[in-house]
Structure formats: structure tokens, C-alpha cells
């Protein structure tokens, strides 16, 4: 499928439909902040990486904190040369392996059970939806640091620095589902200190259902930012 994908432009709606077949995590762990990357968010992220920046097709991809494999399998579907998915949760990786078999991409993705620190080597592109640091402050920093020493380009999702109701309204009415915004001053500083250059930041609307006991709403809408970063360390 990877070679076939490279010969044609896959429509975004078809990518989103493909991603919707990837099973989500049936038993999320709150301390790991295992929130599913929706097919809409994942499709926007992958489409920008693949067709705006040419960072997927024929590339070596690393997915840090891969969960059930939605970003990994999406990259393989779009024609990545190789994909490695890494997650600390053995149970969720079993779901990822099953998902790969179900979409006939079992031979296109390798899976590693471990913390992000186990990763060695260099990749063309790193994709990640790290923990936002709600349960453990700055939990996303270890992911960013590893990504910037592992990949030439990094696509990383992070919590928007503030609750912006106006931006939420704009995103809900937007046809594209994203707006380019300024980076968080704290993330910008961290990224630059670790050898990264921010090329773009896109705000997107994320919705999560009530998943844990402490959730008070049936559905929570909030803004997340997609950081597109070039590493000055990996060439």
C-alpha cells in the first residue's frame, strides 16, 4: 500500500476515513494522559506533513507515544518508507499491532514497548501527541527533547497556552479546521534551547468525551497547537 500511496494524492476525506478504522484505546490510563488523537486532528496533522511539507512519503518516520497507532498507520498509508511506533504501555501496543493487521499494514510498521529514552538513531520525521502535562507538569518536555535529537522534522501536538473562547468559535466555523498562531513563549524557549527552529504553529479544535471520573462534562472542547519544528541537530 505504501508504494501505491506514493503514486497518487490521497484525498483528505479518504485519509480521515482510513484513520477512523483504527481502534482507539479501550482502557486509557489517566496518569499517562492517554487521550485519543481524533481522526480529524490526525488527518490534518498528517496532511500538512505529507502534502504541505513533503515529510511523509518515502521517509523514515518515528511516532513517539504512538498509542494504538493512528499516526503510525496513517503515515504508512500515505507512503512512508518505514515507520517505528514507540509506547510505554504494553497493552496499548497490542491494540496497535491488531490495528495494523486489520488495515493490512502489519509489515509496514515496527513497534517498540518502552519509554522514549529507548529510541536510538535518526529519522526523517517525528510525529507525536505527547501528554500535555495536565497530570504531570511539563510531561511533554521529554518527548520534545527526544524528538529534536531523533528527527530532522518534528510534528508535535501541545495544549494551547490559554482557554480562548473566541478562537474556539472561529475554529468551529472554519472550513479548514485550523488557524496559524504564535507559539507559546515557554515552548518556544524550550525548543530553541534544544536545537529546534519553529517553522509554523497551527491551532486546531480538539474534543474529548467524558473518560475519567474527574471529568465533569459529557464533552470538552479545547484548542491544541500543532508545532512544526526543524531540528538544527539532525541534518
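Nothing in this text is a laboratory measurement; each read-out follows from the coordinates by a stated rule. Computed from a predicted structure; not experimentally measured. Using ideal geometry, Cβ is built from the backbone for each residue, glycine included, and neighbour counts are taken over all protein chains shown.
For residue 23 and residue 112, the difference between the fully extended length at 0.36 nm per residue and the C-alpha to C-alpha distance is 30.2 nm. Distance between the pseudo-spin-label points of residue 185 and residue 200 (7 Å out from Cα toward the beta carbon): 2.6 nm. Counting other Cβ atoms within 10 Å as a rough exposure proxy, the listed residues 185, 234 run 185, 234 from fewest neighbours to most. Hydrodynamic analysis of the range 82-187 uses the Kirkwood radius over alpha carbon pairs. Inserted into Stokes-Einstein at 25 °C and 0.890 mPa s, it gives a translational diffusion coefficient of 152 µm²/s. Counted by neighbouring Cβ atoms within 10 Å, the residues 108, 173 run from fewest to most as 173, 108. Gain on full extension, evaluated as 0.36 nm per residue between residue 122 and residue 54 minus their Cα-Cα distance, stands at 22.7 nm.
Once you reduce the range 116-130 and the range 97-111 to the center of their Cα atoms, the two points are 19 Å from each other.
Shown for 126, 116, 97: other C-beta atoms within 10 Å of each C-beta, ranked fewest to most, produce the order 97, 116, 126. The mean sequence distance of close C-alpha pairs (under 8 Å, at least 6 residues apart), as a share of the length of the range 81-166, puts its relative contact order at 27 percent.
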